[in-house]
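Take a look at the structure set out below.
Laboratory data are not the source of any read-out in this text; all were calculated from the coordinates shown. Not measured: the values here are computed from a predicted model. Heads up, the Cβs are rebuilt from the backbone with ideal geometry, glycines too, and the neighbour counts pull from every protein chain shown.
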Amino acid sequence: MELIYRGAEADVFKGGWCDRPAVYKVRKPLTYRLPELDGLIRSQRTSHEAQIIHQSRGAGVPAPWLYYVSPEEALLVMEFVEGERLKTVLMDPAMTGRRARELGAEFGRDIARLHAAGIMHGDLTTSNVIVGGGRLTLIDFGLAIRSQRLEDQAVDLRLIKETVTGAHNGVSKPFMRSLLAGYSEVLGGTRTAAAARKLAEIERRGRYARVE
Ligand SMILES: Nc1ncnc2c1ncn2[C@@H]1O[C@H](COP(=O)(O)OP(=O)(O)O)[C@@H](O)[C@H]1O
Ligand SMILES: [Mg+2]
């Protein structure tokens, strides 16, 4: 198996599962934790991530197929999603405003479907979205929570806005505008306006906090 990503909490390998390309995500033992507690946390996070992936697919949001879940081994085996990270795609100097708007709208609709189902992704960066096969697939649900709170929805939107603003080729504005338009197609104008207001409020709070 080939290591494709080494994270703080998990390593990700590419291998096979019944002749299909598969991703093995293994949560590593963390030595600064008590071993008993560490085992418990890793197994809980593994089953939590598997549950949320399953629920997201149920809500109509593309997420990898799960092939095998072993909380004891802190292991998830899932579909290898072919494509490129949204981050790489948006950073491409050849990216056009039109394509950025398409991607933003689709992503916005996906986020809204998640939120409508009471799932907050919790780590909505452009590294956790794969563009391929003519669609977007969301991955990395390890930090997802169940919530109906507007504030939590706005926190999800804020993270994506922050990471997209790091793309320096001028596509962040059209991308974010279309993202909110897509969000509103699914959740409606009233809820979207409320989420956008909350987002602005959180951003203001963040600025004051930095000034202090
Ligand atoms: N199902 C998958 N298909 C293709 N690539 C994946 C898949 N899952 C993870 N990856 C790759 O591995 C990286 C890390 O996986 P991720 O679940 O985001 O771990 P972490 O929680 O450490 O961020 C992703 O950014 C992506 O490049
Ligand atoms: Mg990730």
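Some values worked out for this structure:
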quantity: Cα convex hull of the chain, projected area averaged across orientations, nm²; calculated: 13.4
quantity: Neighbour-limited loop hits for GluC sites (Glu not before Pro), the range 164-210 (at most 15 other Cβ within 10 Å; DSSP other than H, G, I, E, B); calculated: none
quantity: In nm, spacing of pseudo-spin labels at M91 and E36 (7 Å Cα→C-beta vector); calculated: 4.4
quantity: Helix-only mean residue ellipticity at 222 nm for the chain, each DSSP H run of n ≥ 4 adding -39500 (n - 2.57), per residue, nearest 500; calculated: -16500 deg cm²/dmol
quantity: Too-long pairs where the Cα-Cα distance tops 31 Å, listed order kept, from K25/K87; K87/K198; K25/K173; K28/K173; K28/K198; calculated: K25/K173; K28/K173; K28/K198
quantity: Chymotrypsin sites (Phe, Trp or Tyr not before Pro) lying in DSSP loop within the range 1-37, provided at most 16 other Cβ fall within 10 Å; calculated: Y32
quantity: Stokes-Einstein D for the range 1-87, Kirkwood Rh over Cα pairs, 4 °C, 1.567 mPa s (µm²/s); calculated: 94
quantity: Potential extension, K173-E84 segment - 0.36 nm per residue separation minus Cα distance; calculated: 29.9 nm
quantity: Helix runs (DSSP H) in the chain reaching 20 Å along axis by Cα, Kyte-Doolittle at least 0.0; calculated: 172-187
quantity: Extension reserve of the E203-R98 stretch, reckoned as 0.36 nm per residue once the Cα distance is removed; calculated: 35.1 nm
quantity: Cα centroid of the range 1-77 to Cα centroid of the range 93-128, whole Å; calculated: 23
